Amino acid sequence: PMEIASGIYDVGATDWIVRDFHGYKTERGASYNSYLIVDEKICLIDTVKACYADELLEKIRRVADPAKIDYVVVNHVEPDHAGALPEVLKAAPNAKFVITMQGKNEALRHYGDGFDFMVVKEGDKISLGSRELTFVPMPMLHWPDNMAAYSDVDRILFSNDAFGQHFASSKHFDDEVGLPEVLAQAKKYYANIVMPYSRHVQKALKSFEGCEVDMIAPSHGVIWRSHVAEILGEYGRWSSLAPDDSAIVVYDSMWHTTEDMALEIVEAFIECGVPTRLFDLKANHISDIMTDLLSAKFVAVGSPTLNNGMMPTVAAFLCYLKGLSPKAGWEGRVGIPFGSYGWGTNGPDEVAAALEACGFDLPLGTLSHQWIEDEDHLARLQETIKQGVAG
Ligand code: FEO
């Protein structure tokens, strides 16, 4: 096990193979980080997925006798962090399981009632000897039970899901991987896991303001030690939900008319100086598109009419987007539904309804076109987009 700070070991597991987390394409795998603090008291922070319980316990044994663990901090009950709790309980029968009240209620349903729970609330502390851990509830990051633990002497924030990345690596720290890669993975993680709870992120960031943080040790991905300020800054920016001036154009097409419209829309944005990306839903995963959508001001989504509705790929994208849409805070974001149709406009109309339900403004209405496009139509489409960018 890697000693990440004096007396603190990473005893978690790396999942090189996993490629899906509930619809999120984890193209770089994942890790389930667990930290063992060896002080006068021995404390385990979070566990791992159930299938990695043996690996976790073996790593703990290389550092300390699991039977001597005094505390297991359960920052989050979701099975990727707490699935190994039943095995940990067998190996550490005298441990107290430190958890929020909400977490206790969830844990009872997931893992049974054999645990000696110690329920904590905001600001509660436990002494491990030379250091104290302070607990900071972070509800909805990413379940109601979440909390973080802060070690005062080490100035380490054990943040669980927050600030994490789905990223398997032989490296342990941000500076060993490189900031652009880690930030890209953290942004994808934020967009696909955390974005709906952005208001809660803003509250959590405020509650950390008094903490001197040298290291953020999340339960997924690498540890932030050289770029703590950068990731805190990005979380502040992302959670504000303030858009930049970029655009994304997302579409599927049957006989290329909707595709031609998509390309024309991209062209119009580029001519207006708007940074733009095009995503064909046949070739791009919806969770990758979400990363760019996080801060895009303009979101154009196109579908032709297929069987009296939008195309299934577009419906899946919009369903995923609806689940991730914040309840408020997207004011001023512009949705642009578009698409071609033969004898029924349902395809583009359904896109419009879905974008509206996600919280987008639709100032340009629905840009639908019957049958095959022509030069005049494409020129009018360009003009409409340019007018939309001009406001
Ligand atoms: Fe990584 Fe919400 O679990």
(request) Quick one, can you get me the convex hull of the C-alpha atoms of segment 111-210 expressed as volume per residue in Å³? (result) 156 Å³
(request) Of the DSSP beta bridges with both residues in segment 126-244, give the percent that are antiparallel, rounding to the nearest 5. (result) 70 percent
(message) Report the gain in length on full extension from ASP374 to GLU27: 0.36 nm times residue separation, minus Cα-Cα distance, nm rounded to one decimal.
(response) 120.9 nm
(message) With every protein chain kept in place and ligands, DNA and RNA left out, what is the accessible area per residue of the chain? Probe 1.4 Å, answer in Å².
(response) 41 Å²
(message) Through the Karplus equation 6.51 cos²θ - 1.76 cosθ + 1.60, θ set to phi - 60°, convert the phi angles of segment 72-79 into ³J(HN,Hα) values in whole Hz; use x for Gly and Pro.
(response) 10, 8, 9, 6, 6, 8, 3, x
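If you take every DSSP beta bridge whose two residues both sit in the chain, what share of them, in percent to the nearest 5, is antiparallel?
On the way: 28 of 63 bridges.
Approximately 45 percent, going by the DSSP bridge assignments.
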(message) Given the C-alpha atoms of the chain, compute the convex hull and give its volume per residue in Å³.
(response) 133 Å³
(request) Mind checking which lysines have their Cα closer than 16 Å to the Cα of LYS96? Skip sequence neighbours fewer than 8 apart in that chain. (result) LYS41, LYS68, LYS104, LYS121, LYS125
(request) With +1 on each Lys and Arg Cβ and -1 on each Asp and Glu Cβ, and nothing else charged, work out how big the dipole of the chain is about its Cα centre, in Debye to the nearest 20. (result) 1040 debye
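Per the Kirkwood treatment, what hydrodynamic radius in Å, one decimal, follows for segment 214-262 from the mean inverse distance over all distinct Cα pairs?
14.5 Å
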(message) Distances longer than 18 Å among the Cα atoms of segment 267-391: what percent of all pairs is that?
(response) 53 percent
(message) For segment 30-132, which trypsin sites (Lys or Arg not before Pro) pass both filters: DSSP loop (anything but H, G, I, E, B) and at most 13 other C-beta atoms within 10 Å?
(response) ARG62, LYS121
(request) Inverting the mean 1/r over all pairs of different Cα atoms, compute the Kirkwood radius of segment 52-128 and quote it in Å. (result) 12.8 Å
(message) Give me Rg/Rg_expected for segment 113-166, where Rg uses Cα atoms only and Rg_expected = 2.2 N^0.38 Å with N residues.
(response) 1.22
(request) Name the shape class, rounded, prolate or oblate, that the alpha-carbon gyration tensor gives for segment 1-106, where a ≥ b ≥ c are the square roots of its eigenvalues, rounded holds for a/c under 1.5, and otherwise prolate holds if a/b is larger than b/c and oblate otherwise. (result) oblate
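What shape does segment 49-89 have by the C-alpha gyration tensor, where a ≥ b ≥ c are the square roots of the eigenvalues, rounded means a/c under 1.5, and otherwise prolate means a/b greater than b/c and oblate the rest?
oblate
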(message) For segment 331-391, which GluC sites (Glu not before Pro) pass both filters: DSSP loop (anything but H, G, I, E, B) and at most 16 other C-beta atoms within 10 Å?
(response) GLU331
(message) Cross-link candidates for LYS188: which lysines have Cα within less than 27 Å, leaving aside residues fewer than 8 places away along the same chain?
(response) LYS25, LYS49, LYS171, LYS203, LYS206, LYS282, LYS297, LYS322, LYS327
(message) Can you give the log10 of the normalised intensity I(q)/I(0) at q = 0.20, 0.24, 0.27, 0.28 Å⁻¹, computed with Debye over equal Cα scatterers of segment 327-368?
(response) -0.56, -0.73, -0.86, -0.90
(message) Report for segment 79-188 the percent antiparallel among DSSP-assigned beta bridges with both residues inside it, nearest 5.
(response) 75 percent
(message) Show me the GluC sites (Glu not before Pro) within segment 114-214 that DSSP assigns to loop and that have at most 10 other Cβ atoms within 10 Å of their Cβ.
(response) GLU209, GLU212
(request) With everything on Cα atoms, drop me the angle between helix 257-271 and the longest principal axis of the chain, reported from 0 to 90° to the nearest 10. (result) 80 degrees
(message) What does the C-alpha gyration tensor say about the overall shape of segment 344-391? Classify as rounded when a/c is under 1.5, otherwise prolate if a/b is larger than b/c, or oblate.
(response) oblate
(message) Placing one identical point scatterer on every Cα of segment 153-290 and ignoring solvent, what is log10 I(q)/I(0) from the Debye formula at q = 0.09, 0.18 Å⁻¹?
(response) -0.36, -1.03
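The values are calculated or read from the model by the stated rules, or taken from the named source; none is laboratory data. Predicted model only: the values in this text are computed from it and were never measured. As a convention, Cβ positions derive from the backbone with ideal geometry for all residues, glycine included, and neighbour counts pool all protein chains shown. Remember, those area values only see protein heavy atoms, side chains included, never the ligands or the DNA or RNA. Shrake-Rupley method; radii C 1.70, N 1.55, O 1.52, S 1.80 Å.
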